[in-house]
Amino acid sequence: MWTCIKCGRVFKKENQPHSCQKVSIESHFRNKDETRELFNFLLQQIEKQIGKCKIFSLPCCVHLFGTYDFLAILPKKDRVELRFALNRKLNTPRLKISVPMSSKVFKNCFDIYTKQELDNELMGWLKESYHLKD
Ligand SMILES: [Zn+2]
């Protein structure tokens with residue numbers, strides 16, 4: 001594991017090319033009060049049910065880092081899009097899209113509109129992703 005001294009992000013490879021640019025969390029939620037609330041609720045649930053994580057606000061999205069970057073959160077006007085890796089393709093109508101990253105890892109994407117959608121099933125998948133690289 002290598003930590004970039006400029007931006008504090010952690011990578012598998014030393015000197016992994018990346019953008020050190022960080023943006024404020026607020027800039028992701030400008031004029032998106034309801035999305036911000038949903039985001040705060042999601043963070044609370046993760047801290048409570050899964051574990052500690054660091055927040056990295058990048059130009060593209062917000063990353064949550066547990067033992068690795070386990071979750072990308074993309075704030076939209078009426079929802080947040082969640083992207084996380086699992087070692088299987090989820091078979092659920094809730095899934096928006098699943099993209100193979102390798103023969104063993106799939107990136108799963110979900111659109112979340114309400115707090116009710118952050119239920120046990122979804123939190124279970126996030127937990128699985130959090131522990132994927134233990
Ligand atoms: Zn950096």
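The values are calculated or read from the model by the stated rules, or taken from the named source; none is laboratory data. Bear in mind the structure is a predicted one, so any value in this text is a computation, not a measurement. For neighbour counting, all protein chains shown are included, and Cβ atoms are generated from backbone atoms with ideal geometry for every residue, glycine included.
Does at least one position in the stretch 85-108 carry a residue that is more than 28 Å from K13 (Cα to Cα), in contact (Cβ under 8 Å) with a residue 40 or more places away in the chain and not acidic (D, E)? No, because not a single residue in the stretch 85-108 is more than 28 Å from K13 (Cα to Cα), in contact (Cβ under 8 Å) with a residue 40 or more places away in the chain and not acidic (D, E). Consider S57 carefully, then state whether it is loosely packed, with under 11 Cβ neighbours inside 10 Å, at pLDDT below 95, at negative phi and of a type in the set (S, T, Y). Here the answer is no, as S57 does not meet what is asked. Is at least one residue of the stretch 47-54 in a helix (DSSP H, G or I), surrounded by 13 or more Cβ atoms within 10 Å (Cβ to Cβ), of a type in the set (V, I, T) and away from the ligand (no atom under 13 Å from the Cβ)? Scanning the stretch 47-54 turns up no residue that is in a helix (DSSP H, G or I), surrounded by 13 or more Cβ atoms within 10 Å (Cβ to Cβ), of a type in the set (V, I, T) and away from the ligand (no atom under 13 Å from the Cβ).
When you scan the stretch 96-109, do you find a residue that is surrounded by 13 or more Cβ atoms within 10 Å (Cβ to Cβ), closer than 25 Å to D119 by Cβ, of a type in the set (V, I, T) and more than 16 Å from the ligand (Cβ to nearest atom), even just one? Yes, the stretch 96-109 contains at least one residue that is surrounded by 13 or more Cβ atoms within 10 Å (Cβ to Cβ), closer than 25 Å to D119 by Cβ, of a type in the set (V, I, T) and more than 16 Å from the ligand (Cβ to nearest atom).
Being of a type in the set (S, T, Y) and buried (at least 16 other Cβ atoms within 10 Å of the Cβ): is that true of S129 here?
On the way: of a type in the set (S, T, Y): yes; buried (at least 16 other Cβ atoms within 10 Å of the Cβ): yes.
Answer is yes for this residue.
When K22, K48 are checked against the criterion of being farther than 22 Å from E121 by Cβ and either touching a helix residue (DSSP H, G or I) at 6+ places or on another chain (Cβ under 7 Å) or without any contact (Cβ under 8 Å) to a residue 60 or more places away in the chain (or both), K22 stands alone in meeting it. Test Y130 against the stated conditions and say whether it is under 15 Å from Q45 (Cβ atoms) and touching a residue at least 12 places away in the same chain (Cβ under 8 Å). Answer is yes for this residue. Restricting attention to the stretch 71-86, report how many residues are surrounded by 12 or more Cβ atoms within 10 Å (Cβ to Cβ) and either closer than 13 Å to W125 by Cβ or among the basic types (K, R) (or both). Number of matching residues: 8.
Quick one: would you say N40 is over 14 Å from the mean Cα position of the chain (by Cα) and either of a type in the set (G, A, S) or away from the ligand (no atom under 16 Å from the Cβ) (or both)? Quick ask: steps written out before the conclusion?
On the way: over 14 Å from the mean Cα position of the chain (by Cα): no; either of a type in the set (G, A, S) or away from the ligand (no atom under 16 Å from the Cβ) (or both): yes.
So N40 does not fit the description; no.
Checking each residue in the stretch 1-29 for being within 13 Å of the ligand (Cβ to nearest atom) and of a type in the set (A, V, I, L, M, F, W, C) picks out W2, C4, I5, C7, V10, F11, C20.
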